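See structure below.
FYI, it's all coordinate maths here, none of it is from the lab. Quantities reported herein were computed from a predicted structural model and do not represent experimental measurements. Cβ atoms come from the backbone with ideal geometry, glycine included; neighbour counts cover every protein chain shown.
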Amino acid sequence: SGNRLNKEPPNLTFRKKDKGGINFTSTVANTHLDLDTVKAICSEYRIHNADITLRFDATADDLIDVIEGSRIYMPCIYAVNKIDQITLEELEILDKLPHYCPVSAHLEWNLDGLLDKVWEYLNLTRIYTKPKGMNPDYEDPVILSSKKRTVEDFCERIHKDMVKQFKYALVWGSSAKHKPQRVGKEHELEDEDVVQIIKKV
């Protein structure tokens, strides 16, 4: 399939060109690929002119994934149910496996642990709103990507016109130096911060 679970995209560059044959360079020692293998893979795809640069010890599968260009790299958690029916020794083995989360749906064991892991793997940030003179709304957070979590991103998620009316924001939480901290649009928010937007009059 086109999905790659719990893998990063291969750190290699592949660029087609009009002439000059297959040019293969590497910044690391290769145990899987040599020029002949690379040429053979390229010819399978009717590619006869390309620059290929490896920055890690790539496999043939890595090169094929980059040539095909349609792979989706996504995080994955394996939730293992019915842990109430296994021994402690078996549970300890499961606990050491990467990307696994043992649960018992029937006895509701470790469901919070699974939820925490989902948040971690999705790489999302929860931001709580605080209307002026009111308590923060902890029931309905604004969800931001961990890559786009400035106060400006927060404003745009609430309403597209909010940025135009923005004067400054008050922030409580781990991104704030003091409670509250007065910040501008470029301030980066952290998970579970509380934000109050002050608009221009």
Between (i) 11.5; (ii) 14.5; (iii) 18.7, which entry matches mean projected area of the Cα convex hull in nm² as derived from the coordinates of this structure?
(iii)
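Just need the relative contact order of the chain here, percent rounded to a whole number, with Cα pairs under 8 Å and 6+ apart.
Details: 321 pairs, mean separation 31.2, N = 201.
Dividing the mean separation by the residue count of the chain yields 16 percent.
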Kirkwood hydrodynamic radius of the range 3-74, Cα pairs, Å
12.5 Å
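Can you put ARG182, ARG4 in order, fewest other beta carbons within 10 Å first? Intermediate values should be presented prior to the final figure.
Values: ARG182 12, ARG4 17.
Starting with the residue having the fewest Cβ neighbours, the order is ARG182, ARG4.
So what's the range 78-122 giving for Cα Rg divided by 2.2 N^0.38 Å, two decimals?
Values: Rg = 10.3 Å, N = 45, 2.2 N^0.38 = 9.3 Å.
The value comes to 1.10.
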Under 17 Å from the Cα of LYS160, which aspartates and glutamates turn up, not counting those fewer than eight places away in the same chain?
GLU152, GLU186
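Please give me, ordered by residue number, the trypsin sites (Lys or Arg not before Pro) of the range 18-56 that lie in loop per DSSP and have at most 10 other Cβ atoms within 10 Å. If you can, show how the numbers build up before the last one.
Values: sites: LYS19, LYS39, ARG46, ARG55; in loops: LYS19, ARG46, ARG55.
Answer by residue number: LYS19, ARG46.
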